[in-house]
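Asks: Below are the structure tokens for one structure; questions will follow.
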């Protein structure tokens, strides 16, 4: 994920600086913490690997959705372009993680587990605090 920690992070820092803002303190991401709790205990190494890939895919997919919402609803053209680039990158990451899962595991197994993660996410997503300080 050099792209995210390298290029994307630098882009965010540059935009913050340009707008006279500073990066805030990092806080724990309750969404990610809840997702991780959904891993089955005592599963095989392969099962753990598949879950890791799918959790990453889900995080990237949701980030893509948030960036899309910003891109479509901002009046600021500079920020629209900024968030559009992130939306495209997150969509690419989401697809990459799913493709990696399908490369290493049978597609029906991947899709069965993906559906588990979608259901699991739906069981808690409405209870999470809406926060404006985190997009990824």
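Asks: Which residues, taken from segment 86-115, are under 19 Å from residue 47 (Cα atoms) and touching a residue at least 40 places away in the same chain (Cβ under 8 Å)?
Replies: Once the filter is applied, which keeps residues that are under 19 Å from residue 47 (Cα atoms) and touching a residue at least 40 places away in the same chain (Cβ under 8 Å), segment 86-115 yields 97, 98, 100, 101, 104, 105, 109, 110, 113, 114.
For every residue, the table says whether it meets (1) surrounded by 13 or more Cβ atoms within 10 Å (Cβ to Cβ); (2) touching a helix residue (DSSP H, G or I) at 6+ places or on another chain (Cβ under 7 Å); (3) modelled with pLDDT under 95.
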{"site": "66", "(1), (2), (3)": "yes, no, yes"}
{"site": "97", "(1), (2), (3)": "yes, yes, no"}
{"site": "109", "(1), (2), (3)": "yes, no, no"}
{"site": "135", "(1), (2), (3)": "yes, yes, yes"}
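Asks: Related question: Of the numbered conditions (1) more than 26 Å from residue 122 (Cβ to Cβ); (2) more than 17 Å from the chain's Cα centre (by Cα); (3) surrounded by 11 or more Cβ atoms within 10 Å (Cβ to Cβ); (4) without any contact (Cβ under 8 Å) to a residue 40 or more places away in the chain, residue 43 fails exactly one; give the number of that condition.
Replies: (1) is the only condition that residue 43 fails.
Asks: Checking the conditions here, which among 58, 87 is surrounded by 18 or more Cβ atoms within 10 Å (Cβ to Cβ) and farther than 23 Å from residue 33 by Cβ?
Replies: Within the list 58, 87, the selection yields 87.
The values are calculated or read from the model by the stated rules, or taken from the named source; none is laboratory data. Since we're looking at a predicted model, the values are computed, not measured. Please note: Cβ atoms are built from the backbone with ideal geometry, for glycine as well, and neighbour counts cover all protein chains shown.
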